[in-house]
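Heads up: the structure comes next, in structure tokens.
FYI, it's all coordinate maths here, none of it is from the lab. This structure is a prediction, so every number in the text was calculated from the model and none was measured. No Cβ is skipped: glycine too gets one built from the backbone with ideal geometry, and neighbour counts run over all protein chains shown.
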Amino acid sequence: MKIYDEALAAMLRGTGREVMVQGHAVRIKPIPDDARPGVPDPREWAYLQALQAQSDKPLRSLQEIRESQGFPNRNLNTVEIHTKYEEMDVGARRVGLWRYYPRKPEGKTGRPAMLFLHGGGWNGGSVYTVENACRLLAEWADAVVFAPEYSLAPDHPFPQGLEDCHAALRRIHQNAAAYGIDPSRIGVAGDGAGGNLAAALALADRDAAEGLVAYQALIYPVLTFCPFSTPDYRWSLDQYEISEPYRELLIPQMVRMSYTAADPGAPVWPDYLPDQTQRMNPYASPLLAQEFSGLPRTLMISSQYSGVRIQDELYAAKLADAGVCVRTLRYAGLGHSFLDRLGVQPQAEDVIREIAEDMKSPQQTGK
């Protein structure tokens, strides 16, 4: 059950104003109960203050870091969702794959499908963090939603997690009839690190001409580890409007997520990319792809105070310039990882609704 008034979620539907970024329209969804510019959403601010209160307890182990990730979100389903689990072999790895779909009618065929990849910085996060989001998407899109337990760094650095996700995508397509899905309406989605993997999957699918991905929903994805390698990407704080009372808490979060180092040669995310030359690989940094044409229809979700907002909206513009059908939404007043707070943050519910509407429309998810 959600802990905010339904009117807040309703206010987000169909609202927003358009601004031009890199020559393309970005629709800004407002804070539903605060029209002031340069301020965080009140629920976001409460969340950041709670994080600040816990900052005096440093995390020492990888397990502690993993257990600290995510947020106790809510189940918003109003119909019964069937949950199933299977495993698959990817090389020497055993990878779990969860599946969610409306239970009745269980034998329904031709549903759209989504492969949803959880965030967590490639070394953390889990299917359980996004389970409620996957279940709600399955209900609202009348779809089958899959979530893989892809391998995590540092034990499994790039590209092993991506390989697991690619194997899951192929499995879904090959077994479309058994899953009751339309093989021409399979999408990929993810938040943060999961959005990075989803974008990389779409690139790899395009490059291999497999034709498995018909749609991608990228939720504040990380799209480059190389901020100095492309002349059209420049990150700076002056690109963010922040009122003075909020800067102390907002700026560190944004800088941490920007993947911008003062020294271009400094190690970036070494657990995931122990070979730092792989930062230039477009399957690690999709923004560095040489060509963007032929990619699937795209929904790009950015947020005002996410450190990766600049690269997200630039990537959307590159896709649009290449002739890809792209829709970009920016949520005002929010930082990174707000999808984790489904049922607590009304904008998280709105993201699921936006993706579901795309998935229900054959012209949106078809080639």
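Projected label points at residue 46 and residue 275, each 7 Å from Cα along the beta carbon direction, are separated by 4.8 nanometres. For the peptides 163-174, 129-140, residues were scored by their other Cβ atoms within 10 Å and the scores averaged per peptide; the highest-first order is 129-140, 163-174. Taking the DSSP bridge list for the chain and keeping only pairs wholly inside it, about 40 percent are antiparallel.
Within the chain, how many Lys pairs sit with Cα atoms under 21 Å apart, leaving out pairs fewer than 8 places apart on the same chain? Present the calculation step by step, with values, prior to reporting the outcome.
On the way: 2/29; 84/104; 84/108; 104/360; 108/360; 318/367.
Taking the Cα cut-off of 21 Å, the pair count is 6.
Note on segment 235-367: Cα-only Rg and Dmax are 16.7, 47 Å.
Between the listed residues 251, 325, 311, the Cα displaced farthest toward the positive end of the dipole of segment 244-328, a dipole computed from Cβ unit charges relative to the Cα centre, is found at 325.
Annotation: peptides 286-295, 45-54, ranked by per-residue average of other Cβ atoms within 10 Å with the highest first, follow the order 286-295, 45-54. D by Stokes-Einstein for segment 119-158, Kirkwood Rh over Cα pairs, 20 °C, 1.002 mPa s: 191 µm²/s.
If all Cα-Cα distances of segment 165-294 are sorted into 5 Å bins from 0 onward, what percent lands in each bin, rounded to whole numbers? So the P(r) values, bin by bin, are 2, 9, 16, 19, 17, 13, 10, 7, 5, 2, 1, 0. Using the Cβ-Cβ distance between residue 54 and residue 293 with R0 set to 51 Å, the FRET efficiency from 1/(1 + (r/R0)^6) comes to roughly 0.65.
Treat every Asp and Glu Cβ in the chain as -1 and every Lys and Arg Cβ as +1, leave all other atoms uncharged, and give the resulting dipole magnitude about the Cα centre to the nearest 20 debye. Present the calculation step by step, with values, prior to reporting the outcome.
Numbers: 37 positive and 45 negative charges, 134 e Å.
For this selection, approximately 640 debye.
Using Cα centres only, tell me the gap between segment 142-189 and segment 321-352 in whole Å. Their Cα centres are 22 Å away from one another. Within the shell of other residues whose beta carbon sits under 11 angstrom from the beta carbon of residue 43, the net charge comes to -3, with Lys and Arg scored +1 and Asp and Glu -1.
Most tightly packed first, judged by the mean number of other beta-carbon atoms within 10 Å of their residues, the peptides 324-334, 246-256 read 324-334, 246-256.
Diffusion coefficient of the chain by Stokes-Einstein, Kirkwood radius over Cα pairs, 37 °C, 0.692 mPa s: 160 µm²/s.
Model label points for residue 93 and residue 243, set 7 angstrom from Cα along the Cα-to-Cβ axis, are 4.5 nm apart.
DSSP beta bridges fully contained in segment 63-209 are about 60 percent antiparallel. Taking label points 7 Å from Cα along the Cα-to-Cβ direction, residue 128 and residue 360 give a separation of 3.2 nm.
If you stretched the chain out fully between residue 35 and residue 85, how much longer would it get, using 0.36 nm times the residue separation minus the C-alpha to C-alpha distance? Working shown, then result.
Working: separation 50, 0.36 × 50 = 18.00 nm, distance 4.40 nm.
Extra length available between residue 35 and residue 85 comes to 13.6 nm.
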